[in-house]
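Accompanying notes for the structure given below.
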Amino acid sequence: MFTENSYREMGISNEVFEFGEKILAGLETRFKEIDKTAEVNQLKVIRAMQKEKVSAACFYESTGYGYDDLGRDTLERVYATCFNTEDALVRPQITCGTHALALALSANLLPGDELLSPVGIPYDTLQGVIGIRSSPGSLAEYGVTYRQVDLLPDGGFDWDGIKNAINEKTKMVTIQRSKGYQTRESFSVEKIAKIIKFVKEIKPDIICMVDNCYGEFVESLEPSDFGADMIVGSLIKNLGGGLAPSGGYICGTRECIERCGYRLTAPGLGKEVGTNMGMMRQLYQGLFLAPTVVAGALKGAIFAANIYEKLGFKVVPNGKESRHDIIQAVELGTPDGVIAFCEGIQAAAPVDSFASPVPGDMPGYDSQVIMAAGAFVQGSSIELSADAPLREPYAVYFQGGITWYHAKLGILMSVQKMADKKLIDIEKIKNTEV
Ligand SMILES: *Cc1c(COP(=O)(O)O)cnc(C)c1O
């Protein structure tokens with residue numbers, strides 16, 4: 001077949017290709033559901049852009065202070081409308097997701113306040129921000145305390161524990177939607193809505209912040225549709241649609257966002273300043289493309305789950321489970337497995353396909369990390385990428401794919417590399433019943 005030849009030219013053997021096609025044949029219904037969600041989200045974005053009167057003038061570059069920046073101000077209204085919040089801060093000056101989260105936290109927590117995570121330990125880089133791992137400038141240094149309630153052994157919420165942890169100092173609750181570098185499940189919007197409702201019933205003025213990284217547009221509603229006071233994320237993940245060269249967003253209540261503006265620039269200046277750096281067209285167009293880009297990434301994640309599950313590895317989520325983010329964890333069990341997988345992702349990239357990923361130290365992470373990415377935007381993880389901390393259980397976290405076809409190639413290439421290194425048995429693949 002024509003496509004088979006194309007894959008062979010890319011270095012994918014017939015056995016691996018056929019195996020992939022067998023798996024795909026079983027995924028039609030799920031792919032259709034993903035397309036439906038993308039359709040709803042696409043309309044949501046267009047509706048927001050129309051309502052806020054996006055025009056060609058929004059794409060002009062501003063300089064200096066960026067006073068009266070039409071593109072910047074309109075984009076923030078588009079985000080607020082799209083995510084059903086009073087206001088938003090969407091800026092190229094927010095350097096990454098961690099920065100956006102640090103901003104949302106530090107702007108809204110004052111000395112003497114307490115932050116509560118009712119869903120266990122937060123993402124690696126947030127641990128430095130909070131001061132769980134000591135770091136200059138952490139919230140702990142400024143006298144903000146932190147409390148954590150772990151998930152129950154079965155992965156459920158510890159409702160009693162959460163209730164007991166809330167006290168007169170508790171000012172904010174942080175809920176991480178995606179599993180990050182953990183093997184727990186990622187939370188559905190419905191589950192997040194339940195925690196928000198629960199804590200607000202105990203203490204109505206608690207600020208509920210959701211780390212929304214990797215979750216945007218996976219479902220047709222967001223945590224902000226269910227009372228989250230802030231949702232926070234990176235523009236080089238889902239909402240940048242692969243086009244945003246940099247940036248982060250916070251959508252939320254007028255009061256929270258106003259404080260975030262003052263913290264980002266300076267007290268008294270707030271959201272009024274900040275040049276758009278000529279990035280506006282990419283940020284608008286990226287948001288416009290994000291629903292279909294997220295759909296492609298989701299298809300890749302589901303394809304990977306079903307392939308690796310069939311090969312005998314533990315995958316989280318499993319091949320059948322519903323999806324709440326674009327991340328797929330595959331427990332390969334050995335450093336060699338992790339490295340081979342990442343080599344496959346790298347070899348399938350449009351950029352830097354000739355490079356070989358090797359484990360190294362990363363700022364903000366406490367074990368060595370290996371990362372595979374051949375991205376147009378450095379570090380962009382809405383583009384096909386894989387990363388893994390080199391520690392037990394040697395799980396690789398795979399995500400992204402600006403197009404489904406690229407994600408498919410990457411996954412097949414990872415299987416090919418595993419087969420080439422005899423980490424999986426190619427003969428067995430050939431005879432696998434699907
Ligand atoms: C990616 C991510 C972040 C922030 O990471 P950056 O690399 O700083 O953008 C925070 N939390 C979660 C769950 C993430 O996946």
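By how many degrees, 0 to 90 and rounded to 10, does the Cα axis of helix 335-347 deviate from the longest principal axis of the chain?
The angle comes out near 90 degrees.
How tilted is helix 280-310 with respect to the longest principal axis of the chain? Cα atoms for both, answer in degrees (0 to 90, nearest 10).
Approximately 40 degrees, to the nearest ten.
Given a 1.4 Å probe and every protein chain left where it sits, what share in percent of the accessible area of the range 43-287 is carbon and sulfur?
Values: 5250 of 9900 Å².
About 53 percent, which is the carbon plus sulfur part of the accessible surface.
How many angstrom lie between the Cα centre of the range 406-434 and the Cα centre of the range 93-115?
43
Determine the distance separating the Cα centre of the range 238-278 from the Cα centre of the range 46-72; give it in Å without decimals.
If you average the Cα positions of each part, the centres end up 14 Å apart.
Can you list the trypsin sites (Lys or Arg not before Pro) in the range 334-428 that are in a DSSP coil and have 10 or fewer other beta carbons within 10 angstrom? Show your work: numbers first, answer last.
Numbers: sites: 391, 408, 417, 421, 422, 428; in loops: 391, 421, 422.
Here the trypsin sites (Lys or Arg not before Pro) that fit, given the DSSP loop and packing criteria, are 422.
Please calculate how many Å² of accessible area the range 43-287 carries per residue, with a 1.4 Å probe and no DNA, RNA or ligand atoms counted.
40
In what sequence, highest mean first, do 130-140, 183-193 appear when ranked by Cβ atoms within 10 angstrom? Walk me through the numbers before you get to the answer.
Working: 130-140: 16.3, 183-193: 18.6.
The densest-packed peptide leads the list: 183-193, 130-140.
Can you give me the relative contact order of the range 43-287 as a percent, contacts being Cα pairs under 8 Å and 6 or more apart?
The normalised contact order for the range 43-287 reaches 29 percent.
Could you tell me which trypsin sites (Lys or Arg not before Pro) in the range 1-87 are loop residues by DSSP with no more than 16 other beta carbons within 10 angstrom of their beta carbon?
Sparse-neighbourhood loop trypsin sites (Lys or Arg not before Pro): 53.
Based on the alpha-carbon gyration tensor of the chain and its eigenvalue square roots a ≥ b ≥ c, which shape applies: rounded if a/c is under 1.5, prolate if not and a/b is larger than b/c, or oblate?
prolate
If you line up the long axis of helix 97-108 against the longest principal axis of the chain, both from Cα atoms, how many degrees apart are they, to the nearest 10?
The two axes meet at around 20 degrees.
Scan the range 286-377 for trypsin sites (Lys or Arg not before Pro) in coil per DSSP, keeping those whose Cβ has at most 13 other Cβ atoms within 10 Å, and list them by number.
320
Over the chain, what relative contact order in percent results from Cα pairs under 8 Å that are six or more residues apart?
18 percent.
Could you work out [θ]222 nm for the chain from helices alone, using -39500 (n - 2.57) per DSSP H run of at least four and dividing by all its residues? Round to the nearest 500 deg cm²/dmol.
Per the formula, -13000 deg cm²/dmol.
The values are calculated or read from the model by the stated rules, or taken from the named source; none is laboratory data. Treat the numbers as computed from the prediction; the structure is a model and nothing was measured. Here Cβ is always computed from backbone atoms with ideal geometry, including for glycine, and neighbour counts include all displayed protein chains. In case anyone asks, the SASA skips ligands and DNA or RNA and just uses the protein heavy atoms, side chains included. Shrake-Rupley method; radii C 1.70, N 1.55, O 1.52, S 1.80 Å.
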